[in-house]
Amino acid sequence: MIILDGKKTSNDIKAEIAESVRGIVANGSRPPHLAAVIVGNDGASLTYVSSKVRACKRVGFDSTLINLPESTSEDELLEKVNELNNDEQIDGYIVQLPLPKHIDSQKILIAVDADKDVDGFHPTNFGKMALSLPTFISATPFGIMELLKRYDVETSGKHTVVIGRSDIVGRPISILMSQKYNPGNSTVTLAHSRTKNIEELTKHADIIISALGVPNFVKAEMVKDGAVIVDVGITRVADNSAKGYKIVGDVDYENVSKKSSYITPVPGGVGPMTIAMLLKNTLLAYKG
Ligand code: NAP
């Protein structure tokens with residue numbers, strides 16, 4: 001069994017990005033600049049955004065964190081989006097989800113300039129991704145593809161079962177795994193909460209990508225020997241640590257890892273890759 005080490009791979013990618021930034025700055029240009037907008041004080045979202053901003057600093061990017069109050073109206077947020085679209089000093093930005101209930105997320109994401117949409121959530125970028133055209137691929141599916149690529153995991157002709165059909169993970173990764181390139185060229189089944197008998201599907205899968213957010217959902221008896229396991233799930237489970245919680249994935253790692261050929265741990269798998277690919281998208285946005 002080989003661990004798909006997202007922490008190490010993301011550090012390699014960040015070192016490559018930092019090297020590019022050193023070159024840019026040595027030539028007298030300003031570094032790439034990522035902005036992140038967060039509305040409200042949700043603990044998990046603040047943690048994610050802060051780690052994205054810290055990662056920017058580590059690779060030499062400029063970064064701006066815009067923390068708006070929970071009471072921000074949809075119009076006020078649209079105004080901020082418009083301001084960022086027109087700010088030539090900002091190459092890319094993200095609007096951290098989820099947004100408060102009184103704001104229509106779709107309306108906000110569509111208002112983001114597609115050329116600055118380093119999250120790859122804009123319909124134009126999602127459409128380009130689906131057509132295999134060059135674009136910003138949203139960071140989590142992009143990170144999974146990069147991890148498979150860097151570990152030379154064979155995906156061509158394999159049967160991939162994706163569990164979860166969200167717009168940001170399950171659906172895009174199902175499209176990318178079926179694309180006519182490698183990694184890709186896989187035969188994909190996309191499962192979700194209405195799927196009957198998921199175990200019958202996963203038992204025959206060469207690759208399982210689990211993105212549902214239910215701890216220990218994927219158990220050893222659901223997995224065939226030699227399967228590749230990608231665990232996207234991140235769930236906070238209360239424990240006695242100083243933080244008061246630990247992060248767990250969707251997969252029963254202890255037992256499933258004994259049967260798998262490759263597996264991502266949680267934490268230290270897909271999570272760090274997501275941040276590295278956001279930085280990569282920002283560098284792409286900077287280069288235009
Ligand atoms: P989401 O929007 O929470 O949707 C979950 C998906 O799982 C839905 O498609 C849902 O089906 C399906 N599902 C839920 N319970 C199920 C069950 N019992 N059986 C089969 N399918 C079930 O998904 P998300 O935003 O992609 O997040 C999924 C997980 O990934 C979460 O733990 C999240 O924290 C994590 N995540 C991690 C990263 C990272 O960087 N590692 C990034 C993003 C998300 P329906 O569509 O039918 O409701």
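In table form, for the structure just shown:
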quantity	calculated
Single match in G268, G213, G233 (criterion: assigned to a loop (DSSP other than H, G, I, E, B), within 14 Å of the ligand (Cβ to nearest atom) and touching a Phe, Trp or Tyr at 6+ places or on another chain (Cβ under 9 Å))	G233
Where K7 falls short, out of the listed (1) open to solvent by less than 20 Å² (accessible area, probe 1.4 Å); (2) touching a Pro at 6+ places or on another chain (Cβ under 8 Å)	(1)
Residue that is surrounded by the most Cβ atoms within 10 Å (Cβ to Cβ) [pool: residues in region 32-73 that are free of Cβ contacts under 8 Å to residues at least 60 places away in the same chain and assigned to a loop (DSSP other than H, G, I, E, B)]	T72
Residues located in region 215-232, provided they are on the phi > 0 side of the Ramachandran plot and either acidic (D, E) or within 22 Å of the chain's Cα centre (by Cα) (or both)	N216
Residue, farthest from C56 (Cα to Cα), within region 85-102, restricted to residues that are of a type in the set (A, V, I, L, M, F, W, C) and buried (at least 20 other Cβ atoms within 10 Å of the Cβ)	L99
Qualifying position, being touching a Lys or Arg at 6+ places or on another chain (Cβ under 8 Å) and open to solvent by 10 Å² or more (accessible area, probe 1.4 Å), among K259, K243, K280, K219	K259
Residue list for region 169-190, restricted to those being within 10 Å of the ligand (Cβ to nearest atom) and either at pLDDT below 95 or open to solvent by 10 Å² or more (accessible area, probe 1.4 Å) (or both)	V169, R171, L190
Some residue of region 172-187 being β-branched (V, I, T), outside any helix (DSSP H, G or I), in contact (Cβ under 8 Å) with a residue 12 or more places away in the chain and closer than 21 Å to E154 by Cα	yes
Subset of region 159-168 (residues that are assigned to a loop (DSSP other than H, G, I, E, B) and either crowded, with 24+ Cβ neighbours inside 10 Å or touching a Lys or Arg at 6+ places or on another chain (Cβ under 9 Å) (or both))	G164, R165
Near pairs, Cβ below 9 angstrom, 6+ apart or cross-chain, from region 228-251 (of a type in the set (G, A, S)) to any residue that is open to solvent by 50 Å² or more (accessible area, probe 1.4 Å) and more than 14 Å from the ligand (Cβ to nearest atom)	G244/A238
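The values are calculated or read from the model by the stated rules, or taken from the named source; none is laboratory data. What you are looking at is a predicted structure, and each value in this text was computed from that prediction instead of being measured. Quick reminder, even Gly has a Cβ in these numbers, built from the backbone with ideal geometry, and neighbours come from all protein chains shown. Heads up: the accessible areas ignore ligands, DNA and RNA and are worked out on the full protein's heavy atoms, side chains in. Shrake-Rupley method; radii C 1.70, N 1.55, O 1.52, S 1.80 Å.
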